[in-house]
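The values are calculated or read from the model by the stated rules, or taken from the named source; none is laboratory data. Computed from a prediction, not measured in an experiment: that's the story for all the values here. Because the Cβ atoms are built from the backbone with ideal geometry, glycine has one as well, and the counts that use them run over all protein chains shown.
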Amino acid sequence: MRRFSPTLFALIILASRPDAALRVEMLRSTGSLPPHIVGSYEEALNFQQDASGTYFVFDRRGHTVHTVDANKTATRKILEIGQEDGRVIQPTGFDVAADGRFVVADVPRSQQRVQTFDRSGKLLTGFFLPGMPAARVVLGNVMLNGASSVQHTGSTLLISHPESSALFTEYSPGGFAQRSIGRLRTTGFEDDREVHIAMNAGLPLLDPTGGFYYVFITGKPIFQKYSDTGALVFERHIEGRELDGLLESQPTRWPRRRIQDREVPLVTPVIRAAAVNPKGELWISLGVPFTYVYNTDGDKVRTMQFSGAGLISPTSLFFSHSGKLLVTPGCYEFDPK
């Protein structure tokens, strides 16, 4: 009987894996905001661009939003710190529409607030979400769930809201809940409601080619595709050798912290950021410095890393109208092709 060497046997097993043929690509930055501009921000957590070419920088630790001209020559603060309407305090979420309107989620007086501004920073609309998330999904000092997941579709706002027994809700800019989409998944934590809700937290994303994606950011990594009407089209597991160690280290019990008058679990995400490109392909950055790309059928087609001044673990991904991929930290630009 023919015997295979252990090395050959290992190669056969490796080749049988769905992602075995995908080599890791290294994308190197093609540009960035000048260092003296980036250095003026305390923590640039999100970097986007509107259709006119104006850049927007969300400085979470500075409680501010800045714009940078298309030629990258100067930065201007357009949103100031403050608890009153038209300012932000303890901001958690940010997104820009093509016409320059932008939305910021913040937490004045321990309440989740969502405000929409025009490109100059003038307040347009705002509303409060009821209560606080049942649990906090945190990455360092950054909360990723609740209103932090907000995305501006151009006419509505998408916010992850599993506390409502649906995965995400579509709001008008004024705060009217138009519809809820998606059923909560089975997590194995149904006996602990707060952790169960945390394991259903995610990023709702508009697909420019039609419908929506929902990327679960905690627990077993999964994403789902929904139609324009909110019907589930398919579900895919996010798998790869790059994720194995991270998933194996996930605890079965999560620490709790007292927030106001209650204790809430603090859950660490396995997904850091996600975005959809103009072709409808889904880009997902993991809790380790790798990014997976899935085509419109939900199949993984690329595995990559980003390099700027060093290896980058993205906190945000944004596809500009000029075809560039904008990434934080560092406010870098990449050619996604």
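What's the number of the condition Glu170 fails, among (1) surrounded by fewer than 17 Cβ atoms within 10 Å (Cβ to Cβ); (2) within 20 Å of Gln111 (Cα to Cα)?
Of everything listed in (1) surrounded by fewer than 17 Cβ atoms within 10 Å (Cβ to Cβ); (2) within 20 Å of Gln111 (Cα to Cα), Glu170 misses just condition (1).
For the range 7-35, give me the residue count where each residue is modelled with pLDDT of 90 or more, in a loop (DSSP other than H, G, I, E, B) and touching a Ser or Thr at 6+ places or on another chain (Cβ under 9 Å).
Narrowing the range 7-35 to residues modelled with pLDDT of 90 or more: 23-35.
Pick out the ones that are also in a loop (DSSP other than H, G, I, E, B) and you get 23, 29-30, 33-34.
Checking which are touching a Ser or Thr at 6+ places or on another chain (Cβ under 9 Å) leaves us with 23, 29, 33-34.
Of the residues in the range 7-35, 4 are modelled with pLDDT of 90 or more, in a loop (DSSP other than H, G, I, E, B) and touching a Ser or Thr at 6+ places or on another chain (Cβ under 9 Å).
Which residues, counting only those in the range 211-251, are touching a residue at least 12 places away in the same chain (Cβ under 8 Å) and aliphatic (A, V, I, L, M)?
Restricting attention to the range 211-251, the residues satisfying the condition of being touching a residue at least 12 places away in the same chain (Cβ under 8 Å) are 211-228, 230, 232-243, 245-247, 250.
Scanning the range 211-251 gives Val215, Ile217, Ile222, Leu232, Val233, Ile238, Leu243, Leu246, Leu247.
Counting only residues that are of a type in the set (Gly, Ala, Ser) and assigned to a strand (DSSP E or B), which one in the range 302-326 is surrounded by the fewest Cβ atoms within 10 Å (Cβ to Cβ)? Explain how you work it out, then say what you get.
Taking the range 302-326 as the starting set, the residues that turn out to be of a type in the set (Gly, Ala, Ser) are 307-310, 313, 316, 320, 322-323.
From the residues that got through so far, the ones that are assigned to a strand (DSSP E or B) too are 307, 316.
Values: Ser307: 15, Ser316: 22.
For the range 302-326, the residue satisfying everything is Ser307.
Just to be sure before I move on: is Gly230 under 25 Å from Gly280 (Cα atoms) and either crowded, with 20+ Cβ neighbours inside 10 Å or in contact with a Pro (Cβ under 8 Å, 6 or more places away or on another chain) (or both) in the structure I sent?
Numbers: under 25 Å from Gly280 (Cα atoms): yes; either crowded, with 20+ Cβ neighbours inside 10 Å or in contact with a Pro (Cβ under 8 Å, 6 or more places away or on another chain) (or both): no.
Answer is no for this residue.
Inside the range 191-247, can you point out the residues that are among the polar types (S, T, N, Q) and closer than 18 Å to Ala273 by Cβ?
The initial filter retains those residues of the range 191-247 that are among the polar types (S, T, N, Q), namely 200, 209, 218, 224, 227, 229.
Hits for the range 191-247 are Thr218, Gln224.
So, of the residues in the range 122-151 that are part of a loop (DSSP other than H, G, I, E, B) and surrounded by 19 or more Cβ atoms within 10 Å (Cβ to Cβ), which turns out to be modelled with the highest pLDDT?
The extreme case among them is Val150.
Restricted to the range 152-161, and to residues that are in contact with a Phe, Trp or Tyr (Cβ under 8 Å, 6 or more places away or on another chain) and under 18 Å from Gly182 (Cβ atoms), which residue is surrounded by the most Cβ atoms within 10 Å (Cβ to Cβ)?
Initially, the range 152-161 is screened for residues in contact with a Phe, Trp or Tyr (Cβ under 8 Å, 6 or more places away or on another chain), giving 152, 156-161.
Then drop every residue that is not under 18 Å from Gly182 (Cβ atoms), which leaves 156-161.
On the way: Thr156: 17, Leu157: 27, Leu158: 22, Ile159: 25, Ser160: 30, His161: 28.
In this case the residue turns out to be Ser160.
Among the residues of the range 282-294, are any within 14 Å of the chain's Cα centre (by Cα), of a type in the set (Gly, Ala, Ser) and not in a loop (DSSP other than H, G, I, E, B)?
Within the range 282-294, one or more residues are within 14 Å of the chain's Cα centre (by Cα), of a type in the set (Gly, Ala, Ser) and not in a loop (DSSP other than H, G, I, E, B).
Hey, among the residues in the range 281-301 that are among the aliphatic types (A, V, I, L, M) and closer than 24 Å to Thr268 by Cα, which one's surrounded by the fewest Cβ atoms within 10 Å (Cβ to Cβ)? Walk me through how you get there before you give the answer.
If we filter the range 281-301 for residues that are among the aliphatic types (A, V, I, L, M), which is where we start, we get 282, 284, 286, 288, 293, 301.
Imposing the further condition that a residue be closer than 24 Å to Thr268 by Cα reduces the set to 282, 284, 286, 288, 293.
Details: Leu282: 23, Ile284: 24, Leu286: 22, Val288: 15, Val293: 18.
Filtering the range 281-301 for residues that are among the aliphatic types (A, V, I, L, M) and closer than 24 Å to Thr268 by Cα, the one surrounded by the fewest Cβ atoms within 10 Å (Cβ to Cβ) comes out as Val288.
Mind listing whichever residues of the range 252-272 are closer than 13 Å to Ile217 by Cα and without any contact (Cβ under 8 Å) to a residue 60 or more places away in the chain? Lay out the reasoning, then the answer.
First, pick out the residues of the range 252-272 that are closer than 13 Å to Ile217 by Cα: 267-272.
Matches in the range 252-272: Val270 only.
Residue check, Leu246 against (1) within 30 Å of Ala51 (Cβ to Cβ); (2) surrounded by fewer than 18 Cβ atoms within 10 Å (Cβ to Cβ), all met but one. Which one?
Result: Leu246 passes all but (1).
Only one of Pro265, Pro251 is under 25 Å from Gly131 (Cβ atoms), of a type outside the set (Asp, Glu) and either in a strand (DSSP E or B) or modelled with pLDDT under 90 (or both). Can you tell me which?
Working: Pro251 fails: under 25 Å from Gly131 (Cβ atoms).
Within the list Pro265, Pro251, the selection yields Pro265.
Say whether the condition of being of a type in the set (D, E, K, R) and either surrounded by fewer than 20 Cβ atoms within 10 Å (Cβ to Cβ) or touching a His at 6+ places or on another chain (Cβ under 8 Å) (or both) is met by at least one residue in the range 264-278. Before you say what the answer is, go through the steps one by one.
Just the residues of the range 264-278 that are of a type in the set (D, E, K, R), to begin with: 272.
Now narrow it down to the ones that are either surrounded by fewer than 20 Cβ atoms within 10 Å (Cβ to Cβ) or touching a His at 6+ places or on another chain (Cβ under 8 Å) (or both): none.
Checked against the condition, which is being of a type in the set (D, E, K, R) and either surrounded by fewer than 20 Cβ atoms within 10 Å (Cβ to Cβ) or touching a His at 6+ places or on another chain (Cβ under 8 Å) (or both), the range 264-278 yields no hits at all.
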